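Notes for the one structure printed next.
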């Protein structure tokens, strides 16, 4: 009898594949960032850093984009602010709201992360072929968008 662990090592399901990709990308990205002097960042900070914008972004938008609870995003913003990567400023279009902006250190990290991720993508495209890699990304995007929009209505327990 084949165990679930054995099956997932040879024919992994969607969750296992998505996890392997996420953790592999995070490990490579944050290791490379640490080597460039951004060694105070943790993987969890990616929920904010991935969606940070030089023109500022509302915490609620970071929450929506990352699919994280607002409280979690608030904690991550607090941590990144203490580390010097972001700052909160009033939103000029709504005095009650705040925008999160990258600091100079945050902008440097964003540029470095962009270069690291671009190199990762080039490497994968070289391995599987440029067209195949672009096709993979289109299909993977469709699958992730479909999954994000799916809500299964379970019977009340």
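So the values come out like this:
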| read-out | value |
| --- | --- |
| Those residues of region 37-52 which are over 15 Å from residue 81 (Cβ atoms), surrounded by fewer than 19 Cβ atoms within 10 Å (Cβ to Cβ) and either under 13 Å from the mean Cα position of the chain (by Cα) or touching a residue at least 12 places away in the same chain (Cβ under 8 Å) (or both), in sequence order | 43, 46, 50, 51 |
| Conditions (1) modelled with pLDDT of 95 or more; (2) under 17 Å from residue 110 (Cβ atoms); (3) surrounded by 15 or more Cβ atoms within 10 Å (Cβ to Cβ): number failed by residue 66 | (1) |
| Residue check, residue 27 at pLDDT 95 or above, part of a helix (DSSP H, G or I) and loosely packed, with under 15 Cβ neighbours inside 10 Å | yes |
| Residues located in region 91-110, provided they are loosely packed, with under 12 Cβ neighbours inside 10 Å and either under 23 Å from the mean Cα position of the chain (by Cα) or at pLDDT 95 or above (or both) | 104 |
| Test: residue in region 64-81 that is assigned to a helix (DSSP H, G or I), within 29 Å of residue 132 (Cβ to Cβ) and under 14 Å from the mean Cα position of the chain (by Cα) | yes |
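The values are calculated or read from the model by the stated rules, or taken from the named source; none is laboratory data. Keep in mind that what you see is a predicted model, and the values were worked out from it rather than measured. When we count neighbours, we look across all protein chains shown, and the Cβ atoms used for this are built from the backbone with ideal geometry, even at glycine.
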